Amino acid sequence: MALPHIFEVSWPDPTKLGVDSKSAAILLNEAKETFAGHLGVRSDEISFLGEPSLGFYLALSGLLSPNTRLVYSNIDRMEIFAIAENYPNLQLATSTSGEIDFKECTNSDVVSLQLCNRETGIIQSGRPTNCAELFVDATASGTRIRLPGNWSAALWDSISWAGPGGLGVLAISKKAKWKNPLPHLDSRVNPGPTSLPLIVASALAIDSWVADEKNLAEKISAINSEIRTYITDKIPNADLAPGGADHLLSASFLYVNAEQLVTILADKGFAVDSGSACNATNMQPSHVLAALGTLTQGNIRLTIHHATSFEDVKIFLEVLEQTVAELRA
Amino acid sequence: MEVLDCLGKRCPLPVIELAKALKSKPIASRIKLLSDDPASAPDLIAWARMTGNSVKELGDSAFEVTKLTD
């Protein structure tokens, strides 16, 4: 189904009466079933959010009470840092390879677990087992990593399966003691309504993404290795952040201004992000790179998409090597 | 100790100027680098690790750098 067609058929409000609304309700339920199947949750545990990052607040504030301790890590998303300011909290420090040790957690804590770090691709292998409630940040891992069995709430971002941006999927487990932190009169998690066309488009995207991933995972992994090897062998004074997920990679280059590097790469047709201070709105270097001890200057963050080809990467690496050399001259 | 004043200069300039200043100096030379850029503390430690030199954070935007390799 093409996106314009989705907008034509999913305009009615699925909660109203009438034939059109009933067909919209069917589309919504089918989408929920699709997500439930791929994400490993029940369809009645799923809510949609028009602003994915709001899910951090909705999930965690609903699990925390004023005296509960929030345990999180220093490579968690800044949204979680902001929530932690309002509660007793414990920030766990990552090792230089990105591992977090959850042994300090107690059975009265609410713990935040990031399955995959979106800047570096670090996959967290540790699992907090001793906690009252477990929030899982699955915004970067998408369907790649299964939820731990003791999850209480989990958040995904539609862009992680190449779906439309501006759509989050929030699951609240039926076993969790979650209370809606927003003013509410009914059992809805999110007052909504969230765009039904986006939900339907994202459900189609997750289906095709999962099907493609089976065939393309090996290629993505090979491309990641090729980029790492090239940077290590050919570009002096480069610092690769620890990684894990094959679709993500973060590398820093000593004596290079990241803003210039990103701009030149963009001019040559390559869209890359950066964790360097000069590229951030608050002029602070990435807290993730700083926590890992990875160089923060001259940083680029790469996402390898399903459509990325070896040819693209070959050209990119040559341009990168040349640009880094020019900027250092 | 020689002082290299990079106050007000943004990353990566303090690290670039430090590397330039150290280039002609003999091994075991020390420089006091002043830098208030928020990226300097993590980046000087990473620079020392990558290049095999030594950095000690003195506080108040000051770092003591010892050249250990050419």
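Bear in mind that the values in this text are calculations on the coordinates, not laboratory data. Please read these numbers as outputs of a predicted model, since none were measured by experiment. For neighbour counting, all protein chains shown are included, and Cβ atoms are generated from backbone atoms with ideal geometry for every residue, glycine included.
Rounded to the nearest 10 degrees, what's the angle between the helix B:40-51 long axis and the longest principal axis of chain B, both from Cα atoms, 0 to 90? In chain B, helix B:40-51 runs at an angle near 20 degrees to the longest axis. Relative contact order of the range A:3-147, taken over Cα pairs closer than 8 Å and 6 or more residues apart, is 17 percent. Among beta bridges identified by DSSP and lying wholly in the range B:2-66, the antiparallel ones come to about 70 percent.
Averaging 1/r over each pair of different alpha-carbon atoms in the range A:3-209 and inverting the result gives 17.6 Å, the Kirkwood hydrodynamic radius.
Count neighbours as other Cβ atoms within 10 Å of each site's Cβ, and list the chymotrypsin sites (Phe, Trp or Tyr not before Pro) in the range A:1-51 that are DSSP loop with at most 15 such neighbours. Before the final figure, lay out each step's value.
Working: sites: A:F7, A:F35, A:F48; in loops: none.
When the chymotrypsin sites (Phe, Trp or Tyr not before Pro) of the range A:1-51 are filtered for loop state and at most 15 Cβ neighbours within 10 Å, nothing remains.
Distance between the C-alpha centres of the range A:13-56 and the range B:1-65: 54 Å, rounded to the whole angstrom. Extent along the principal axes, Cα only, for the protein assembly as shown: 83, 52, 33 Å, with the longest axis given first.
Among the trypsin sites (Lys or Arg not before Pro) within the range A:177-254, those in coil by DSSP and having at most 15 neighbouring Cβ atoms inside 10 Å are A:K177, A:K179, A:R188. Largest first, the three principal axis extents of the alpha carbons in the range B:2-66 are 28, 22, 20 Å in whole numbers. Let me have the relative contact order for chain A, percent, based on Cα pairs under 8 Å that are six or more residues apart. Value for chain A: 17 percent. Dipole size of the range A:3-209 about its Cα centre, with +1 on Lys/Arg Cβ and -1 on Asp/Glu Cβ: approximately 440 debye, rounded to the nearest 20. In this entry, the range A:1-98 is assigned a mean projected area of 9.5 nm², taken as a quarter of its C-alpha convex hull surface. For B:I27 and A:S125, a Förster radius of 25 Å and the Cβ-Cβ distance give a FRET efficiency of 0.05, rounded to the nearest 0.05. Counting Cβ atoms of other protein chains within 10 Å of each residue's Cβ and taking the mean over peptide B:9-16 gives 6.
Here the label points at A:S65 and B:E57, each 7 Å from Cα along the C-beta direction, are separated by 3.8 nm in the simple model. Summary of packing: across the peptides A:235-243, A:312-320, the per-residue average of other C-beta atoms within 10 Å ranks them, highest first, as A:235-243, A:312-320.
Pairs from the list A:K16/A:K175; A:K234/B:K56; B:K20/B:K56; A:K32/A:K174; A:K103/A:K177 with a Cα-Cα gap above 27 Å: A:K16/A:K175; A:K234/B:K56. Positive contributions from Lys and Arg (+1) and negative ones from Asp and Glu (-1), summed over other residues with Cβ under 10 Å from the Cβ of A:T68, come out at -1.
Please compute one quarter of the surface area of the Cα convex hull for the range A:211-328 and express it in square nanometres.
Details: hull surface 29.2 nm².
If you wrap the Cα atoms of the range A:211-328 in a convex hull and average its projections, you get 7.3 nm².
Spatial offset of the range A:205-242 relative to the range A:283-329 amounts to 13 Å, using the alpha carbon center of each. For the residues of A:253-262, the average number of beta carbons from a partner chain within 10 Å of their own beta carbon is 3.
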